[in-house]
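Participant: Can you read through this structure? Questions will come right after.
The values are calculated or read from the model by the stated rules, or taken from the named source; none is laboratory data. Please read all numbers here as calculations on a predicted model, not as lab measurements. Surface areas here come from the heavy atoms of the whole protein model, side chains and all, with no ligands, DNA or RNA. Shrake-Rupley method; radii C 1.70, N 1.55, O 1.52, S 1.80 Å.
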Amino acid sequence: LRLLPRQRYLRAERAEVSALERKRNVLCCLITRILKVEKQLHIDNLVFRVIDACQKGELGPGLQFLSFCCHSVDVLSCVLHLLNQGYLRRREGRPHVLEY
């Protein structure tokens, strides 16, 4: 009886999951950093600012990271995550405006 070697794709999947978690963490940090400064921002403007920061590789004043590709779906997913966690809220009467 011989045991088959461990499948390589399992290690690849773990690496991909880890990369996605890091990406989500960076996006959540960008969103909160931008909203801490602005206090409130239209969701469209927030998405464009986060995508622009990702392309430039800027986390904020004096902080830089490797630029990576992010899409509006990624940013909106993180916005929903932060809304559910209670870090962000929608402005009363104007749900498209987010507040920190």
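Participant: Using 0.36 nm times the number of residues separating H42 and H81, minus their current alpha carbon distance, what extension gain do you get?
Facilitator: Gain on extension, H42 to H81, equals 12.3 nm.
Participant: May I pose another question? Using modelled backbone amide H atoms (1.01 Å from N, in-plane), which distant-in-sequence or interchain residues come within less than 5 Å of L88's amide H?
Facilitator: Answer set, sorted by chain and number: L83.
Participant: Less than 15 Å apart at the alpha-carbon level, and either on another chain or at least 8 residues along: which aspartates and glutamates does that give for K36?
Facilitator: E99
Participant: As a test question: what accessible area, to the nearest 10 Å², does Y87 have when a 1.4 Å probe is rolled over all protein chains in place?
Facilitator: Answer for Y87: close to 130 Å² accessible.
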